[in-house]
Amino acid sequence: MLAPHSSDSSSPAGGDAGPGYSPAAGHAASGRSAVLVIDDEPTVADALRLILCDEGHRVLVAATGRDGLAVARRERVRVVITDLRLPDISGLEVVVTLRRERPHLNAILITSHAAPELSAEARRVGAALLLKPFAPAEIIRLVERFK
């Protein structure tokens, strides 16, 4: 299961990305495509960042849907992992918006609220659905599938 990790990754990068945005340490200037994590729970976002960085991925983090959209439009993002429930717009709306702009973008919706209609909705927009709590191996498997 995802375990909380402490990190100072919540400070804005360069001051222009908005609150909650943070590139993974040591990877901000990289030209490689990235995994974008959008989650307003710092412990979840940081745990995902650490897990994926340990696997060699460049990881960007945003705390709101709108910040995530801005980051995705500015950076080379290959995979978006977003919580379904965000403080401003839903993760589903984030996925729909980004996939409209970039049809080949891979998306993973994470939620702790299981519902049969949610699974169907995730499939409809072309996103994988992952229920919290999940093991690190599950998120790694999904992200690796999108390489």
Q | Net length gained if the chain between Arg66 and Lys147 were fully extended (0.36 nm per residue, minus Cα distance) | A | 26.6 nm
Q) How large is ³J(HN,Hα), in whole Hz, for each residue of the stretch 48-61 in order, when computed from phi with the Karplus curve 6.51 cos²θ - 1.76 cosθ + 1.60 and θ = phi - 60°, using x for Gly and Pro? A) 4, 4, 5, 4, 6, 5, 4, 8, x, 8, 7, 10, 10, 10
**Q.** ³J(HN,Hα) computed for each position of the stretch 133-147 - Karplus, 6.51 cos²θ - 1.76 cosθ + 1.60, integer Hz, glycine/proline x
**A.** x, 9, 7, x, 4, 5, 5, 4, 4, 5, 5, 5, 4, 8, 5
(Q) Going by amide H atoms built from the backbone, whose H comes under 5 Å of the H on Ala107, apart from near neighbours? (A) Val80, Ala128
**Q.** Whole-angstrom gap from the stretch 82-147 to the stretch 49-65, using each part's C-alpha centre
**A.** 15 Å
Q: Whenever you get a sec, compute what percent of the accessible area on the stretch 56-129 sits on carbon and sulfur atoms (1.4 Å probe).
A: 51 percent
Q: Express in nm, to one decimal, how much length is gained between Glu117 and Thr97 on full extension, taking 0.36 nm for each residue of separation and deducting their alpha carbon distance.
A: 5.2 nm
Q | Full-extension gain in nm, Ala135 to Arg73, via 0.36 nm per residue minus C-alpha separation | A | 19.4 nm
Q: Treat every Asp and Glu Cβ in the stretch 38-78 as -1 and every Lys and Arg Cβ as +1, leave all other atoms uncharged, and give the resulting dipole magnitude about the Cα centre to the nearest 20 debye.
A: 380 debye
Q: Quickly work out the Val125-to-Ser90 label distance, labels modelled 7 Å from Cα along the C-beta direction, and quote it in nm with one decimal.
A: 0.7 nm
Q) Can you work out ³J(HN,Hα) from phi for every residue in the stretch 100-106, in order, using Karplus 6.51 cos²θ - 1.76 cosθ + 1.60 and θ = phi - 60°, giving whole Hz and x for Gly and Pro? A) 5, 7, 9, x, 9, 5, 8
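The values are calculated or read from the model by the stated rules, or taken from the named source; none is laboratory data. Predicted, not measured: the structure shown is a model, and the values here were computed from it. Heads up, the Cβs are rebuilt from the backbone with ideal geometry, glycines too, and the neighbour counts pull from every protein chain shown. For the accessible areas, the whole protein counts, side chains as well, though only heavy atoms, and no ligand, DNA or RNA atoms are used. Shrake-Rupley method; radii C 1.70, N 1.55, O 1.52, S 1.80 Å.
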